[in-house]
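Note sheet for the following structure.
The values are calculated or read from the model by the stated rules, or taken from the named source; none is laboratory data. Nothing here was measured: the structure is a model prediction, and the numbers come from that model. Here the Cβ positions follow ideal geometry from the backbone for every residue, glycine too, while neighbour counts run over all protein chains shown.
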Amino acid sequence: MTVQETKLQDLPIDLKRELLPKHVAVIMDGNGRWAKRQGLPRIMGHKAGVDALKDLLRCCKDWGIQALTAYAFSTENWKRPQEEVDFLMTLFQRVLRQELREMVEENVQIQFVGNLQALPRSLQREISRSMEETRNNPGIRFTVATNYGGRQEIIQACRAIAEKVQQGLLQPHEINEQVFESHLYTAGIADPDLLIRTSGEMRLSNFLLWQMAYGEMYITETLWPDFDRTEFHRALCAYQRRERRFGKV
Ligand code: FPP
């Protein structure tokens with residue numbers, strides 16, 4: 001291991017451990033543009049994006065961040081060219097199969113959120129297997145949003161609650177934030193403290209609409225495949241400089 005690697009593995013000294021976000025979420029944008037700049041097909045950008053995600057997961061683990069959530073595929077992403085959609089589905093499946101053993105060894109607990117029933121059967125099987133095999137792992141909680149849409153998530157939660165009311169299992173006055181949250185895909189997962197979006201876009205793009213009510217956003221011009229530990233360090237420094245007031249003065 002080189003001196004540089006040793007240094008990067010530890011939490012940088014200018015970051016305060018007690019002020020680290022507990023949960024970081026990422027919108028991994030810019031894979032296509034990254035590939036284009038290198039004169040490569042778009043799909044190569046997604047491949048490089050997987051490496052950046054793996055590095056970030058390892059970095060969160062090294063630096064003591066408890067949860068990472070990544071927006072891998074939105075409900076709107078089906079509108080991309082069929083070839084790219086097929087590539088992404090195969091990529092998710094392959095990465096899961098290849099990385100499962102390491103995730104088990106590293107105590108990662110992996111979860112998927114989204115409308116998973118609409119995904120290819122073989123991918124669904126791989127998803128179930130990875131969630132099952134890492135269910136009791138005490139390490140970092142890694143959530144992958146796949147076929148995820150924040151509005152759809154809210155609608156399905158409303159439907160589930162309405163059904164309970166219809167069956168007399170729940171009274172309308174009993175519906176509160178806690179009850180509502182327990183019907184979201186992310187039930188049991190704390191809200192993100194920090195959402196990072198790469199490639200300069202300043203939008204939430206239907207990601208974690210409810211959960212980001214008080215989350216801090218950090219936008220960088222860097223394209224996702226180039227988002228490395230140095231970039232993450234920069235994002236965490238910016239986060240630690242902010243004052244989170246949650247509506248108070
Ligand atoms: C956005 O870039 C990226 C995606 C829609 C896919 C992100 C997926 C990965 C990085 C793979 C993750 C893998 C696992 C197993 C979790 P874009 O294509 O919109 O880029 P552009 O805006 O430059 O066109």
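Within 10 Å of the ligand (Cβ to nearest atom), under 28 Å from Ile154 (Cβ atoms), surrounded by 13 or more Cβ atoms within 10 Å (Cβ to Cβ) and not polar (S, T, N, Q), is that true of Leu96? Judged against the criteria, Leu96 is a match.
Quick one: which of Gln111, Gln171, Gln156 is at pLDDT 95 or above, within 23 Å of Ala48 (Cα to Cα) and not aliphatic (A, V, I, L, M)?
Working: Gln171 fails: within 23 Å of Ala48 (Cα to Cα); Gln156 fails: within 23 Å of Ala48 (Cα to Cα).
Checking each option against the conditions leaves just Gln111.
Can you tell me which residue in the range 146-187 is farthest from Val95 (Cα to Cα), limited to those that are of a type in the set (Gly, Ala, Ser) and touching a helix residue (DSSP H, G or I) at 6+ places or on another chain (Cβ under 7 Å)? Per the stated criteria, the residue is Ala157. Of the residues examined, Val104 is one that is surrounded by 14 or more Cβ atoms within 10 Å (Cβ to Cβ), more than 15 Å from the chain's Cα centre (by Cα) and of a type in the set (Val, Ile, Thr).
Out of Leu88, Leu15, I need the residue that is within 15 Å of the ligand (Cβ to nearest atom) and of a type outside the set (Val, Ile, Thr). Which one? Explain how you work it out, then say what you get.
Details: Leu15 fails: within 15 Å of the ligand (Cβ to nearest atom).
After applying the criteria, what remains is Leu88.
One residue stands out among those in the range 239-249 that are exposed (fewer than 15 other Cβ atoms within 10 Å of the Cβ) and in contact with a strand residue (DSSP E or B) (Cβ under 8 Å, 6 or more places away or on another chain): the one that is modelled with the highest pLDDT, which is Arg242. Within the range 232-249, residues that are more than 15 Å from His23 (Cβ to Cβ) have Cβ atoms under 8 Å from residues that are surrounded by 14 or more Cβ atoms within 10 Å (Cβ to Cβ) and charged (D, E, K, R) in these pairs: Arg242/Glu216, counting only partners at least 6 apart in sequence or on another chain. Among residues of the range 200-219 being in contact (Cβ under 8 Å) with a residue 40 or more places away in the chain and aromatic (Phe, Trp, Tyr), the one that is farthest from Ala72 (Cα to Cα) is Trp210.
The numbered conditions (1) within 12 Å of the ligand (Cβ to nearest atom); (2) touching a helix residue (DSSP H, G or I) at 6+ places or on another chain (Cβ under 8 Å) are all true for Gly64 except (1).
From Val113, Val179, Val165, grab the single residue that is surrounded by 11 or more Cβ atoms within 10 Å (Cβ to Cβ), among the aliphatic types (A, V, I, L, M) and without any contact (Cβ under 8 Å) to a residue 12 or more places away in the chain. First the steps, then the outcome.
Numbers: Val113 fails: without any contact (Cβ under 8 Å) to a residue 12 or more places away in the chain; Val179 fails: without any contact (Cβ under 8 Å) to a residue 12 or more places away in the chain.
Of the residues listed, the single one that is surrounded by 11 or more Cβ atoms within 10 Å (Cβ to Cβ), among the aliphatic types (A, V, I, L, M) and without any contact (Cβ under 8 Å) to a residue 12 or more places away in the chain is Val165.
Considering each residue of the range 128-141 in turn, none proves to be loosely packed, with under 13 Cβ neighbours inside 10 Å, within 16 Å of the ligand (Cβ to nearest atom) and among the basic types (Lys, Arg).
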